[in-house]
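Colleague: Shown below is the structure under consideration.
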Protein chains: 2
Amino acid sequence: MYEKKIPKNFSCGMAVLMEIIGGKWKSYLIYLINNDVRRPADLQRAIPSASRRVLDLQLRELEFHGIIKRVIYPEMPPKVEYFLTPFGESMLPVVAAMEAWGGEYMETFRQLMESKKKSMLTDGESVEIKDKPVIQRRRTLAKAV
Amino acid sequence: MYEKKIPKNFSCGMAVLMEIIGGKWKSYLIYLINNDVRRPADLQRAIPSASRRVLDLQLRELEFHGIIKRVIYPEMPPKVEYFLTPFGESMLPVVAAMEAWGGEYMETFRQLMESKKKSMLTDGESVEIKDKPVIQRRRTLAKAV
DNA sequence: GGGAATACGGAAAAAATTATCCGTATCCGA
DNA sequence: TCGGATACGGATAATTTTTTCCGTATTCCC
């Protein structure tokens with residue numbers, strides 16, 4: 001089993017949130033569970049391109065962080081369901097904001113990725129060569145570190 | 001230069017947003033640039049544990065997606081500054097929400113990660129063994145796929 | 001000359017994440 | 001018996017991200 005070597009620094013809330021939902025399928029999982037897709041096999045069917053192993057791993061991570069809870073039913077064949085916890089639900093407004101922002105940008109994004117695939121040369125478009133500026137340099141955080 | 005083999009699917013806004021700000025240092029970079037830390041060397045000094053190469057790469061990715069723009073001043077030694085674009089600024093409320101949520105959870109998070117390091121055996125705490133439920137199964141998205 | 005400042009890209013290595021493949025278990029039906 | 005259903009973990013391989021190391025350039029100062 002893999003053991004990480006480099007310690008991570010969670011000095012800002014963003015880093016914490018990214019650690020919690022940063023895996024490839026986690027946002028899909030949160031969405032599906034919140035929409036009543038609760039059983040592992042159903043989750044897998046809803047995301048056919050995902051590796052079952054990674055779905056399991058990421059479900060376990062969400063569980064570890066208290067975002068979801070796992071309910072095991074004592075029967076055969078095995079029956080398990082996942083539910084969002086109240087804590088997990090506290091994240092939903094944030095997830096919705098992220099989803100909304102991404103949805104607005106999606107069309108542009110796809111065109112960008114398409115043009116990137118075609119040319120692999122899209123640098124420089126937003127480069128601006130400036131004359132010597134007269135703008136007064138303001139205080140920077142770097143100096144405070 | 002690395003070329004990805006497995007195509008990614010951006011069928012939801014979350015996936016798009018995660019692609020844009022998903023790198024290890026990107027959220028830090030957005031925060032710093034929004035707080036007037038604009039020059040590459042200053043960004044590096046503000047995040048001493050980051051690899052300079054990756055900072056450059058992730059700045060380029062943010063630029064590619066139009067989140068920031070790079071301004072090159074014609075002078076020696078080289079002078080470059082990065083600015084948030086209006087589009088990048090449209091992301092700030094989302095970033096703030098993410099930051100706020102992560103900040104609230106931070107203390108619990110740290111304790112969790114600490115206990116994980118100690119025992120590597122934290123599974124099962126949220127497991128609930130249930131009697132046969134009488135809850136009526138509702139429609140699932142999986143069936144619609 | 002060497003070291004400091006500035007900025008940054010290619011190549012290769014290391015670390016981390018994801019995917020594949022093997023295995024565990026029970027029950028039911030062809 | 002085999003294949004389907006259910007759920008899931010260890011080991012290993014493949015892919016991806018991050019890091020290290022090499023290099024490019026100019027100017028200034030000791």
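The values are calculated or read from the model by the stated rules, or taken from the named source; none is laboratory data. Note that the coordinates shown come from a computational prediction; the quantities given were computed from them, not determined experimentally. No Cβ is skipped: glycine too gets one built from the backbone with ideal geometry, and neighbour counts run over all protein chains shown. The accessibility values were calculated without ligands, DNA or RNA, using every heavy atom of the protein model including side chains. Shrake-Rupley method; radii C 1.70, N 1.55, O 1.52, S 1.80 Å.
Colleague: Which distances, shortest first and in nm, link residue B:77 to the matching position in the other copies, using label points set 7 Å out along Cα to C-beta?
Modeller: 6.5
Colleague: 7 Å along Cα→Cβ for the label point: how many nanometres lie between residue B:90 and each equivalent label in the other copies, listed shortest first?
Modeller: Ordered by distance, the counterparts are at 3.1 nm.
Colleague: Still on this structure: Quick one: which of A:65-76, A:105-116 comes out on top by average Cβ neighbours within 10 Å, and what's the full order, highest first?
Modeller: A:65-76, A:105-116
Colleague: Averaged across the residues of B:50-61, what count of C-beta atoms belonging to other chains lies within 10 Å of each residue's C-beta?
Modeller: Whole-number average of other-chain Cβ neighbours for B:50-61 is 0.
Colleague: Sorted by average packing, counted as other Cβ atoms within 10 angstrom per residue and highest first, what order do B:6-16, A:94-104 take?
Modeller: Descending mean neighbour count gives A:94-104, B:6-16.
Colleague: Taking 25 Å as R0, compute the FRET efficiency from the Cβ-Cβ separation of residue B:111 and residue A:100 and round it to 0.05.
Modeller: 0.20
Colleague: For the rotation bringing B onto A, which B residue has its Cβ nearest the axis, and at how many Å?
Modeller: Value returned for chain B: B:97, 3.
Colleague: Distances in nm, one decimal, shortest first, from residue B:108 to the same residue in every other copy, taking the label point 7 angstrom along Cα→Cβ.
Modeller: 3.5
Colleague: I'd like the mean, over residues of B:100-110, of how many other protein chain beta carbons sit within 10 Å of each residue's own Cβ.
Modeller: If you average over the peptide's residues, the count of other-chain Cβ atoms is 6.
Colleague: Follow-up. Over all residues in B:4-13, what is the mean tally of Cβ atoms on other chains that come within 10 Å of each residue's Cβ?
Modeller: For this peptide, the per-residue mean of nearby foreign Cβ atoms is 4.
Colleague: Between their Cα atoms, which of B:4/B:116; A:116/B:8; A:26/A:69 are more than 22 Å away from each other?
Modeller: From the list (B:4/B:116; A:116/B:8; A:26/A:69), the Cα-Cα distance tops 22 Å for B:4/B:116.
Colleague: For the pairing of chain A with chain B, what total accessible surface becomes buried, with a 1.4 angstrom probe, in square angstrom to the nearest 100?
Modeller: 7000
Colleague: Treating only the Cβ of Lys, Arg, Asp and Glu as charged (+1, +1, -1, -1), what charge dipole size does segment A:13-119 show about its Cα centre? Round to the nearest 20 debye.
Modeller: About 480 debye.
Colleague: Let me ask you something else. Give me the net charge of residue A:62's neighbourhood, meaning all other residues with Cβ under 12 Å from the Cβ of residue A:62; Lys, Arg count +1, Asp, Glu -1.
Modeller: 0
Colleague: Residues of segment A:13-119: accessible area per residue at 1.4 Å, in Å²?
Modeller: 47
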